[in-house]
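Chemist: Quick one: this structure, given as structure tokens, is what I'll be asking you about.
The values are calculated or read from the model by the stated rules, or taken from the named source; none is laboratory data. Since the model is a prediction, treat every value here as computed from it, not as a measurement. So basically every Cβ, Gly included, is an ideal-geometry build from the backbone, and we count neighbours across all protein chains shown. In case anyone asks, the SASA skips ligands and DNA or RNA and just uses the protein heavy atoms, side chains included. Shrake-Rupley method; radii C 1.70, N 1.55, O 1.52, S 1.80 Å.
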Amino acid sequence: MKNSEKWVQRRFFKNKKGNFIGPHMQRLIGPRYEQAIKEFCKGKIADLGCGDVPYYMFYKNLASDIVCVDWGNSLHNLSFCDIEADLNKDLPLENEVFDTVLATDVLEHIHDPEKFMSETARILKPGGHLILGVPFMYWIHENNDYHRYTKQMLELFCKKNQLEIIKIDAYGGFPEVLYDLLHKGYSYYGFRGRRVYYFILENFGKFLSHRKCVKRLSEKSKDVFPLGYVIVAQKSIAV
């Protein structure tokens, strides 16, 4: 990874108890990405759509080599990007050279997902792992936001490319979707600067997240009201 010595953690912080703190979505997706990465990341890693490489602290000690790839016109910081490429086209990477491929919250920004998934499978070694994350019930974000995928579509993408799903984790649920809508409304519809509203909203969200009844509802409803998914899939080993 280029300029790795200059990388500074800006997201996904924990408190003394080891719980993720900060914005709502980071508290939700941080533990899921951390678990998937620490369990399945190894060897030579490709971070596709890397942005400012927010998950570097999870995999930096698990990698023998890291290659970061992103759009040349990305809105994110490209200081750590090794290769600039159009992620809708052939990737300038050799066949079957990566032990792990990360595609975290990037697939929704790809207008040709079939091509992206086939290229991801191509660069993976047999037995290598893809760690893929996407939002579902989530607002339109950035200039190139094209898709939202169900669990069934993600499973089909993997099946078409000889990728066997090891785990698929739906995160969210009805309470989280409702809270995220209120939070995005605060950000987008003119409530900026109203600190009292923000204080109430943030603390109400934290209060709800610690109630057992809310956790039960979230667990029960996450398959039909997911905020998103984190998937781990393994490339088939040819016999």
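Chemist: Do the alpha carbons of any pairs in LYS160/LYS184; LYS44/LYS167; LYS6/LYS125; LYS44/LYS89 sit beyond 25 Å of each other, and which pairs? Write down the numbers at each step before the final one.
Modeler: Values: LYS160/LYS184 35 Å; LYS44/LYS167 21 Å; LYS6/LYS125 30 Å; LYS44/LYS89 22 Å.
From LYS160/LYS184; LYS44/LYS167; LYS6/LYS125; LYS44/LYS89, over 25 Å: LYS160/LYS184; LYS6/LYS125.
Chemist: Whole-Å semi-axes of the chain's equivalent ellipsoid, largest first, each the root of 5 times a Cα gyration tensor eigenvalue? Show your work: numbers first, answer last.
Modeler: Working: eigenvalues 186, 81, 63 Å².
Whole-Å semi-axes of the equivalent ellipsoid: 30, 20, 18.
Chemist: Where the only charges are on Cβ atoms (+1 Lys, Arg; -1 Asp, Glu), what is the dipole of the chain about its Cα centre, to the nearest 20 debye? Don't jump to the answer; show the numbers that get you there.
Modeler: Numbers: 34 positive and 29 negative charges, 306 e Å.
Approximately 1480 debye in magnitude.
Chemist: So what is the 222 nm mean residue ellipticity for the chain from helices alone, if each DSSP H run of at least 4 adds -39500 (n - 2.57) and you divide by all residues, rounding to the nearest 500 deg cm²/dmol? Write down the numbers at each step before the final one.
Modeler: Values: 7 runs with 82 residues, N = 239.
Estimated from H runs of four or more residues: -10500 deg cm²/dmol.
Chemist: Rolling a 1.4 angstrom probe over the protein chains, ignoring ligands and nucleic acids, what is the accessible area of LYS89 in square angstrom, nearest 10?
Modeler: Answer for LYS89: close to 120 Å² accessible.
Chemist: Moving on. Along the Cα→Cβ direction, 7 angstrom out, place labels at ASN15 and ASN203. What is the inter-label distance in nm?
Modeler: Taking the two extended label points, one gets 1.4 nm.
Chemist: Please enumerate, by chain and number, the lysines with C-alpha under 17 Å from the C-alpha of LYS16, excluding those fewer than 8 residues away in the same chain.
Modeler: Of all the lysines, those that pass the test against LYS16 - Cα under 17 Å, at least 8 places apart if same chain - are LYS206.
Chemist: Just name one of TYR149, VAL97, THR120: the one whose Cα is farthest towards the positive end of the charge dipole of the chain (beta-carbon charges, Lys/Arg +1, Asp/Glu -1).
Modeler: TYR149
Chemist: Roughly how tilted is helix 113-123, in degrees to the nearest 10 and between 0 and 90, from the longest Cα axis of the chain?
Modeler: Long axis of 113-123 versus the principal axis of the chain: about 50 degrees.
Chemist: Give the long-range amide H neighbours of LYS44: residues separated by 5 or more places, or on another chain, with amide H under 5 Å away, using H modelled in the peptide plane at 1.01 Å from N.
Modeler: SER64, ASP65, ASP99, THR100
Chemist: So what is log10(I(q)/I(0)) for the range 61-147 at q = 0.19, 0.26 1/Å, when the Debye sum runs over its Cα atoms only?
Modeler: Relative scattering, expressed as log10 I(q)/I(0), comes to -0.95, -1.57.
Chemist: Another question about this same structure. What is the gain in length, in nm to one decimal, between CYS213 and LEU181 on full extension, counting 0.36 nm per residue of separation less the C-alpha to C-alpha distance?
Modeler: Values: separation 32, 0.36 × 32 = 11.52 nm, distance 2.03 nm.
Value of the extension gain: 9.5 nm.
Chemist: So, one more: Helix 174-188 sits at what angle to the longest principal axis of the chain, using alpha carbons and giving 0 to 90 degrees rounded to 10?
Modeler: Tilt relative to the chain: about 80 degrees.
Chemist: Would you mind checking the tilt of helix 195-209 against the longest principal axis of the Cα atoms of the chain, expressed as 0 to 90 degrees and rounded to 10?
Modeler: The angle comes out near 70 degrees.
Chemist: Moving on. Between GLU164 and ASP112, with labels modelled 7 Å along Cα→Cβ, what's the label distance in nm to one decimal, could you check?
Modeler: 3.0 nm
Chemist: Could you tell me the relative contact order of the chain? Use alpha-carbon pairs under 8 Å, at least six residues apart, and round to a whole percent.
Modeler: On the way: 420 pairs, mean separation 46.9, N = 239.
Dividing the mean separation by the residue count of the chain yields 20 percent.
Chemist: Please tell me the relative contact order of the range 15-99 in percent, rounded to the nearest whole number, where contacts are Cα pairs under 8 Å and at least six residues apart. It would help to have the intermediate numbers written out before the result.
Modeler: Working: 106 pairs, mean separation 21.9, N = 85.
Rounded, it is 26 percent for the range 15-99.
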